[in-house]
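*Asks:* Have a look at this one before I ask anything.
The values are calculated or read from the model by the stated rules, or taken from the named source; none is laboratory data. Predicted, not measured: the structure shown is a model, and the values here were computed from it. Don't worry about glycine lacking a Cβ; one is built from the backbone with ideal geometry, like all the others, and counts go over all protein chains shown.
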Amino acid sequence: MATPPHILWVDDEIDLLKPHILLLENKGYAVDSVSNGSDAVEKVKQTDFDIILLDEQMPGMGGLDTLSAIKEVSPEVPVVLVTKSEEEDLMEEALGGQISDYLTKPVNPSQILLTCKRLLERSRLRAEKTSQRYMQSFAKISQELNQRLSHTEWVDLYTELVKYDIELEGDEGARQILSDQFSEANRVFGEFVENEYPYWIEACDSGDKQADRPILSHELIPEFVIPQMSKDKPVIFFLIDCMRYDQWLALEETLFPYFAMDKAFHYGILPTATPYARNAIFSGLLPRDIAARHPRIWEEGEDDEHSRNRHEEEFLKSLMRRKFTDDVRIRYEKLLGKEEGQAFAKNVSALLQHNLSAVVINFVDILAHSRSESAVLKELAPDERAYRALTRTWFEHSWLLDAFKDLAEKDCTIVLTTDHGIIRSLHPTKVIGDRHTSTALRYKYGRNLKADERHAIFIEDPEPFGLPKNSMMTNYIIAKEDYYFVYPTNYNKYVELYNDTLQHGGASMEEMILPVITMRPKG
């Protein structure tokens, strides 16, 4: 039996509306009612509503304030504003607050019923049209996967799949088809990267500006950040560790009222792991060249992500010295915890005293690893949709959003990106290596590594892949699709331990195709 549509009615004279509520209930709706804005916000935190009827004029927390608070908790819920006024300013303010409709008092029960029916029907039709649109696109996407796509066409295909992943709600049949097509796309993408990546590195080494290749991690600051520094405005470079494109879209909606945004993409280098990708970003160098220029730094953190990323500020300053003849005022901060973040948000204006401020934010990476280690978090975020929602919830109540709101009132330019994404690792594949083999699940380096060639990119010579080689290591393997490496010893134990955990380091669209957002305050 279908669940009845659930309505929340908010009115300080709710007792006078009993006949209206009774009619709705007789027509099959479930109706909750509250008499003030504060109770309404608490209700929305606890319950998913299909429609909210909201009185505009209430004592205490007024209707528009309640509307704003409700939208912070549940941005997608349709809200109908019920008002005594038809003043143009009020309606503009209300519409700017994303109401779905408004009714002028006095309202009769039939008006309310028709409005609810129309909004619910609109939601159903929108969902049906999205499913139909995807099913029409299915054949086109499948055909594209049988062709030789360029790196820009892969970006277009990935963003289209992400769009449908976000929009397809309720139609589980369509979602399963999309999931299968996403998997097939990642299979083909892994082959694409395996074939093209050495060519990209060769073009980087030769300085070939005409080569058909993406911007890679080590080119990100020269291509996107340094050009902004020539405009005599402070530039703030935010790097959110381990943020996928779909997570950015969850943040983008919240930031849109404050910033004008230009969106581009870069490809994360292999392996898509913090010691490689993030050091490449801040140094402007491929890992092979970092190891050659800074052998002590590279070797001291041989298999420790935290150790190997202790020198980002040093790398950034070295990059700026290579690019600028004049002194550049640089600030670098890495924010690991809530207290650090809150202190940063309170003093965010200090960033404006520097030509370039670089800010690394680790929370999303911590969230991903915590989800892998915590049964509670895995239950809260069992799939991509829930993981996006968890990211959005954090951001909407975070010190980071407070910092962005403050910067939205300043004369500055913000460039926001990530070092790599992450993927749900759902398929194990066996790997054989000696005791010196590295420990990561999506990539490994060592001597004479062996794995199923269908599931991994084998790198026998690291040089053409821009990777370092030392006396203990002769080759790398990079997981494709959503595979993760498990040793034959205690195989079932480790499969159970690591299955459906969020990992990075491999060659998938989620890990490699990464947004770069240039943001300018609207104010």
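*Asks:* Go through (1) under 26 Å from the mean Cα position of the chain (by Cα); (2) in contact (Cβ under 8 Å) with a residue 12 or more places away in the chain; (3) surrounded by fewer than 19 Cβ atoms within 10 Å (Cβ to Cβ) for Ile361 and report which single condition fails.
*Replies:* (3)
*Asks:* What's the number of the condition His218 fails, among (1) out of contact with any strand residue (DSSP E or B) (no Cβ under 8 Å at 6 or more places or on another chain); (2) not in a helix (DSSP H, G or I)?
*Replies:* (2)
*Asks:* For residues in the stretch 90-105 being of a type in the set (A, V, I, L, M, F, W, C) and modelled with pLDDT under 85, which is surrounded by the most Cβ atoms within 10 Å (Cβ to Cβ)?
*Replies:* Ile99
*Asks:* Could you please let me know if Gly523 is surrounded by fewer than 17 Cβ atoms within 10 Å (Cβ to Cβ), of a type in the set (Gly, Ala, Ser) and either farther than 30 Å from Ser179 by Cα or modelled with pLDDT of 95 or more (or both)?
*Replies:* Values: surrounded by fewer than 17 Cβ atoms within 10 Å (Cβ to Cβ): yes; of a type in the set (Gly, Ala, Ser): yes; either farther than 30 Å from Ser179 by Cα or modelled with pLDDT of 95 or more (or both): yes.
Yes; evaluated as a whole, the condition is true for this residue.
*Asks:* For the stretch 76-89, state whether one or more residues are assigned to a helix (DSSP H, G or I) and modelled with pLDDT of 85 or more.
*Replies:* Checked against the condition, which is being assigned to a helix (DSSP H, G or I) and modelled with pLDDT of 85 or more, the stretch 76-89 yields no hits at all.
*Asks:* A further question follows. Can you pull out the residues in the stretch 452-467 that are more than 19 Å from Phe189 (Cα to Cα) and crowded, with 20+ Cβ neighbours inside 10 Å? Can you show your working first?
*Replies:* Within the stretch 452-467, the subset more than 19 Å from Phe189 (Cα to Cα) is 460-464, 466-467.
Hits for the stretch 452-467 are Gly466, Leu467.
*Asks:* Next up: How many residues are over 17 Å from Asp289 (Cα atoms) and in a helix (DSSP H, G or I) if we restrict to the stretch 221-242? Steps first, answer last, please.
*Replies:* Of the stretch 221-242, the ones over 17 Å from Asp289 (Cα atoms) are 223-242.
The next check asks that each one be in a helix (DSSP H, G or I); those that pass are 223-229.
Residues that pass the stated criteria total 7.
*Asks:* From the list Thr429, Thr391, pick out the single residue that is modelled with pLDDT of 90 or more, of a type in the set (Val, Ile, Thr), part of a helix (DSSP H, G or I) and buried (at least 16 other Cβ atoms within 10 Å of the Cβ).
*Replies:* Just one listed residue meets the conditions, Thr391.
*Asks:* Let me ask something else. Hey, among Leu497, Leu449, which residue is out of contact with any Cys (no Cβ under 9 Å at 6 or more places or on another chain), at pLDDT below 95 and buried (at least 23 other Cβ atoms within 10 Å of the Cβ)?
*Replies:* Within the list Leu497, Leu449, the selection yields Leu449.
Yes/no per residue for (1) farther than 28 Å from Ala456 by Cα; (2) assigned to a helix (DSSP H, G or I); (3) in contact (Cβ under 8 Å) with a residue 12 or more places away in the chain:
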{"site": "Gln136", "(1), (2), (3)": "yes, yes, no"}
{"site": "Arg148", "(1), (2), (3)": "no, no, no"}
{"site": "Ser183", "(1), (2), (3)": "no, yes, yes"}
{"site": "Gly190", "(1), (2), (3)": "no, yes, yes"}
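*Asks:* Right, something else. Output the residues belonging to the stretch 25-53 that are surrounded by fewer than 20 Cβ atoms within 10 Å (Cβ to Cβ) and assigned to a helix (DSSP H, G or I).
*Replies:* Once the filter is applied, which keeps residues that are surrounded by fewer than 20 Cβ atoms within 10 Å (Cβ to Cβ) and assigned to a helix (DSSP H, G or I), the stretch 25-53 yields Glu25, Asn26, Ser38, Asp39, Glu42, Lys43, Lys45, Gln46.
*Asks:* Still on this structure: Can you find a residue that is surrounded by 24 or more Cβ atoms within 10 Å (Cβ to Cβ), closer than 20 Å to Ile457 by Cβ and either assigned by TED's automatic domain parsing to the domain that holds Ala386 or of a type in the set (Phe, Trp, Tyr) (or both) anywhere in the stretch 285-297? Reasoning before the result, please.
*Replies:* From the stretch 285-297, those surrounded by 24 or more Cβ atoms within 10 Å (Cβ to Cβ) are 286-287, 290; that's our starting set.
Cutting the leftovers down to closer than 20 Å to Ile457 by Cβ gives us 286-287.
This time we only want the ones that are either assigned by TED's automatic domain parsing to the domain that holds Ala386 or of a type in the set (Phe, Trp, Tyr) (or both), so: 286-287.
Yes, that holds for at least one residue.
*Asks:* Here is a follow-up. Suppose we filter Ala264, Ala273 for residues that are under 17 Å from the mean Cα position of the chain (by Cα) and buried (at least 19 other Cβ atoms within 10 Å of the Cβ); which single one remains?
*Replies:* Answer to the check: Ala273.
*Asks:* For the list (1) surrounded by fewer than 21 Cβ atoms within 10 Å (Cβ to Cβ); (2) over 24 Å from Lys480 (Cα atoms), I need the number of the one condition that Val225 fails.
*Replies:* (1)
*Asks:* Hey, another quick one. Can you tell me how many residues within the stretch 482-501 are touching a Leu at 6+ places or on another chain (Cβ under 9 Å) and over 19 Å from Asp434 (Cα atoms)?
*Replies:* 6
Results for (1) outside the structural domain of Ala358 (by TED's automatic domain parsing); (2) within 26 Å of the chain's Cα centre (by Cα), shown as yes or no for each residue.
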position	(1), (2)
Thr417	no, yes
Asp434	yes, no
Arg442	yes, yes
Gly446	yes, no
Ala456	yes, yes
Ile459	yes, no
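*Asks:* Counting only residues that are modelled with pLDDT of 90 or more and hydroxyl-bearing (Ser, Thr, Tyr), which one in the stretch 35-59 is nearest to Asp15 (Cα to Cα)?
*Replies:* Across the stretch 35-59, the extreme among qualifying residues is Ser35.
*Asks:* Further, regarding this structure: Filter the stretch 155-181 down to the residues that are assigned to a helix (DSSP H, G or I) and of a type in the set (A, V, I, L, M), then identify the one that is nearest to Pro214 (Cα to Cα).
*Replies:* Ranking the candidates gives Val155 first.
*Asks:* Among the residues of the stretch 322-358, count how many are in contact with a helix residue (DSSP H, G or I) (Cβ under 8 Å, 6 or more places away or on another chain), loosely packed, with under 13 Cβ neighbours inside 10 Å and not in a helix (DSSP H, G or I).
*Replies:* Total meeting the criteria: 1.
*Asks:* Look at the stretch 106-123 and say how many of its residues are surrounded by fewer than 16 Cβ atoms within 10 Å (Cβ to Cβ) and within 42 Å of the chain's Cα centre (by Cα).
*Replies:* Number satisfying all stated conditions: 6.
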